[in-house]
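Below: one structure, written as structure tokens.
The values are calculated or read from the model by the stated rules, or taken from the named source; none is laboratory data. This is a predicted model, so every value here is computed, not measured. Positions of Cβ are backbone-derived with ideal geometry, glycine not excepted, and every protein chain shown enters the neighbour counts.
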Amino acid sequence: GVRARDDRGAHQGRDGEESEGRKVRPAHTDITILERYGAMTLVEARLGTGRTHQIRVHLAHQGHPVVGDPTYGLRRARRERAMLEGETLALVRGLRGQALHAQLLRFRHPVGGQELTFTAPLPPEMAILMSHLSSRRAREQ
């Protein structure tokens with residue numbers, strides 16, 4: 001897997017430094033590449049910290065901007081979208097929002113301390129896109 005550490009935070013600067021009036025805190029995400037589909041890559045991201053926009057920032061920094069993300073890696077996403085065609089492009093355009101999904105959330109309850117686990121299936125439009133990408137990849141091999 002790829003390990004992404006961003007001690008600069010979203011506002012640049014090192015841990016503890018002031019940046020735009022904010023104290024910057026370290027952020028840690030473990031990123032594992034699961035499948036490559038031409039211009040798109042399926043990854044698993046495990047958070048070591050919980051900073052705002054952390055997954056999106058780290059994925060863009062590692063060269064895997066989230067499809068549909070209007071903020072991070074937009075230039076690259078536009079360039080890669082230009083490489084898509086036909087049904088793939090239509091399915092990407094049909095996504096509601098970003099192609100970012102929390103399949104599993106696990107954390108300790110802040111008061112009781114018990115471990116809580118939540119799971120969720122892929123939204124239908126993401127499942128259709130994933131199925132399409134898998135079949136296309138199988139045909140190309």
M126 vs. criteria touching a residue at least 60 places away in the same chain (Cβ under 8 Å) and either over 21 Å from P26 (Cβ atoms) or aromatic (F, W, Y) (or both): no
Contacts under 9 angstrom Cβ, first residue in the stretch 29-49 being at positive phi, partner at pLDDT 90 or above and not polar (S, T, N, Q), 6 or more apart: G38/L133
